[in-house]
1. What would the Debye formula give as log10 I(q)/I(0) at q = 0.12, 0.15, 0.17 Å⁻¹ for the alpha-carbon point model of the range 24-119, no solvent?
2. Using alpha carbon centroids, what distance separates the range 31-57 and the range 89-104, in Å?
3. For K106, project a label point 7 Å along Cα to C-beta. Then give me every residue of the range 32-47 with its amide nitrogen under 16 Å of that point.
4. Using θ = phi - 60° and the Karplus form 6.51 cos²θ - 1.76 cosθ + 1.60, what ³J(HN,Hα) does each residue of the range 37-43 get, whole Hz, x for Gly and Pro?
5. With a Förster radius of 22 Å, plug the Cβ-Cβ distance of K99 and A45 into 1/(1 + (r/R0)^6) and report the FRET value to the nearest 0.05.
6. Mind listing the phi-derived Karplus ³J(HN,Hα) values for the range 104-115, rounded to whole Hz, using 6.51, -1.76 and 1.60 with θ = phi - 60°, and x for any glycine or proline?
7. Expected output is a single nm value to one decimal: the length gained when fully extending between S26 and R87, i.e. 0.36 nm times separation in residues minus the C-alpha distance. What is it?
8. Report the extension gain between A113 and K57 in nm, rounded to one decimal, defined as 0.36 nm multiplied by the number of residues separating them, less their alpha carbon distance.
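All of the numbers you see were taken from the coordinates with simple rules; none came from a lab. Keep in mind that this is a model prediction, so the values were computed, not measured. A quick note on method: Cβ atoms are made from the backbone with ideal geometry, for glycine too, and the neighbour counts reach across all protein chains shown.
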Amino acid sequence: MKKIVLVLAVMISAFAASAQKMASASAETLTKGKSSGVYVFTLPAEVTTEKVEELKKYYDHYFTTAFDQGKHEVKFTLTENEPLNRRVISRFMAGVEVKEYKVGDKTYASFDALFDQYMK
């Protein structure tokens, strides 16, 4: 019986560890971002202010970052509204371990898919 419980615990732990973290954004915000250079994403609850502060310093050249811990929203303001600056957002998202993106009722399996649809 102990072995069965242990096996189940290990399986549940492995499943939880492999769960995909998802960020979300509205289609309207993403569409407006192409002209305004401002993008807002809601991050998973596990993302902390400390993690955002740690990561954002690496991307000062491309965008500034403001994080609202209460809403778990990160706001990217591009320093130059260029495709490269928009693409670098993917590095930040990888740093907070986001793998999937939800826009409305559609889920994108990668930042590249989201980028091609809304940010290119």
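1. For the range 24-119 at q = 0.12, 0.15, 0.17 Å⁻¹, log10 I(q)/I(0) is -0.32, -0.51, -0.68.
2. 9
3. The answer is 32-34, whose backbone nitrogens lie closer than 16 Å to the label point.
4. Taking θ as phi minus 60°, the curve returns x, 10, 10, 10, 10, 8, 8 Hz for the range 37-43.
5. E between K99 and A45, to the nearest 0.05, is 0.90.
6. x, 9, 9, 10, 10, 7, 8, 5, 4, 5, 5, 4
7. 20.2 nm
8. Using 0.36 nm per residue and subtracting the Cα-Cα distance, I get 17.6 nm.
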